[in-house]
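Here is the structure we will look at, set down as structure tokens.
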Amino acid sequence: MNRGRPGRTRGARVKLAAGALAGLVVLTGCTGEEDAAAPPAAPSATASATPDAPSVAVETSVRKITGKIARAERDQLAAEVGALVDGWFQAAYLAGDFPRSAPYTAADFPGFSAGAAALAVKDDFLSNRAIAGQVDGVVPVSKAVALDVLAVNGRAHGITAKVDLVFETTGAVAGSHRVRGHLDLAPKQGRWQVFGFEITREGAAGGVR
């Protein structure tokens with residue numbers, strides 16, 4: 001595992017083969033299944049409120065479009081993918097009871113393919129699995145998602161979602177944490193699905209390194 005500068009841990013690059021993008025997107029790295037591990041959250045521009053964690057709206061934008069799509073579809077993509085990413089933020093980092101002793105499972109990665117979820121569940125950067133038993137509270141500070149869209153014949157065929165999550169923890173591991181990087185998505189049976197990721201994480205002293 002490669003190390004970044006002090007205070008940062010760099011996750012391994014993971015990209016899973018997606019047949020829908022063959023010939024459109026160059027993929028490298030591991031390969032795995034494309035079947036959905038769990039359905040993503042229902043499309044919503046700010047689908048971030050849960051009974052378990054304070055509500056912070058996810059800020060979603062479309063940064064770049066290669067090709068052309070209608071404005072209505074662009075807005076729908078922002079809403080749908082923003083909600084999908086926020087579902088992962090909630091399940092993997094923010095919601096639930098802490099300290100947490102239960103292991104993280106594929107259910108904590110809604111919207112991920114089965115192959116991507118199987119890899120993510122073992123990765124300390126894709127959830128709070130490494131510190132969940134040492135914190136007694138998690139409070140979101142900010143959430144941002146910026147989309148780069150590949151469009152063919154007026155339809156989106158692939159998306160790279162740049163993600164940025166900041167949250168605070170209390171307990172034995174207390175302080176600020178930042179999760180950022182990108183997710184690679186492709187359409188699967190009418191829904192967008194994460195098939196690859198590259199994530200880095202910066203944590204408070206005593207946290208994930």
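May I ask you to list the residues in region 119-136 that are farther than 15 Å from residue 203 by Cβ and buried (at least 17 other Cβ atoms within 10 Å of the Cβ)?
119, 120, 121
Yes/no per residue for (1) surrounded by fewer than 20 Cβ atoms within 10 Å (Cβ to Cβ); (2) within 23 Å of residue 188 (Cβ to Cβ); (3) of a type in the set (A, V, I, L, M, F, W, C); (4) out of contact with any helix residue (DSSP H, G or I) (no Cβ under 9 Å at 6 or more places or on another chain):
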residue	(1), (2), (3), (4)
60	no, yes, no, no
67	yes, yes, no, yes
71	yes, no, no, yes
81	no, yes, yes, yes
85	no, yes, yes, yes
96	yes, no, no, no
117	no, yes, yes, no
138	no, no, yes, no
151	yes, yes, yes, no
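Restricting to region 169-202, what's the tally of residues that are assigned to a strand (DSSP E or B), polar (S, T, N, Q) and surrounded by fewer than 18 Cβ atoms within 10 Å (Cβ to Cβ)? Show your work before the answer.
If we filter region 169-202 for residues that are assigned to a strand (DSSP E or B), which is where we start, we get 169-171, 175-188, 191-202.
Now narrow it down to the ones that are polar (S, T, N, Q): 169-170, 176, 193, 200.
Restricting the remaining residues to those that are surrounded by fewer than 18 Cβ atoms within 10 Å (Cβ to Cβ) gives 170, 176, 200.
Here the count works out to 3.
Select from region 47-65 the residues that are modelled with pLDDT under 85, more than 14 Å from residue 87 (Cβ to Cβ) and either part of a strand (DSSP E or B) or touching a strand residue (DSSP E or B) at 6+ places or on another chain (Cβ under 7 Å) (or both) and list them in ascending order.
54
With the structure loaded, tell me whether residue 129 is at pLDDT 95 or above, touching a Pro at 6+ places or on another chain (Cβ under 9 Å) and not in a strand (DSSP E or B) or whether it fails that test.
Numbers: at pLDDT 95 or above: yes; touching a Pro at 6+ places or on another chain (Cβ under 9 Å): yes; not in a strand (DSSP E or B): yes.
Answer is yes for this residue.
Confirm whether residue 166 is buried (at least 19 other Cβ atoms within 10 Å of the Cβ), at pLDDT 95 or above, within 20 Å of residue 86 (Cβ to Cβ) and among the hydrophobic types (A, V, I, L, M, F, W, C).
Working: buried (at least 19 other Cβ atoms within 10 Å of the Cβ): no; at pLDDT 95 or above: yes; within 20 Å of residue 86 (Cβ to Cβ): yes; among the hydrophobic types (A, V, I, L, M, F, W, C): yes.
Criteria not met by residue 166.
Looking only at region 124-158, which residues are β-branched (Val, Ile, Thr) and over 16 Å from residue 199 (Cα atoms)?
The first filter runs over region 124-158 and keeps only residues β-branched (Val, Ile, Thr), leaving 131, 135, 138-139, 141, 145, 149, 152.
Correct list: 131, 135, 138, 139, 141, 149, 152.
Quick check, is residue 147 within 17 Å of the chain's Cα centre (by Cα), surrounded by 21 or more Cβ atoms within 10 Å (Cβ to Cβ), in contact (Cβ under 8 Å) with a residue 40 or more places away in the chain and not in a strand (DSSP E or B)? Show your work before the answer.
Details: within 17 Å of the chain's Cα centre (by Cα): yes; surrounded by 21 or more Cβ atoms within 10 Å (Cβ to Cβ): yes; in contact (Cβ under 8 Å) with a residue 40 or more places away in the chain: yes; not in a strand (DSSP E or B): no.
In short, no.
Among the residues of region 66-79, how many are closer than 16 Å to residue 150 by Cα, in contact (Cβ under 8 Å) with a residue 24 or more places away in the chain and in a helix (DSSP H, G or I)?
The qualifying residues number 5.
The values are calculated or read from the model by the stated rules, or taken from the named source; none is laboratory data. Since the model is a prediction, treat every value here as computed from it, not as a measurement. Positions of Cβ are backbone-derived with ideal geometry, glycine not excepted, and every protein chain shown enters the neighbour counts.
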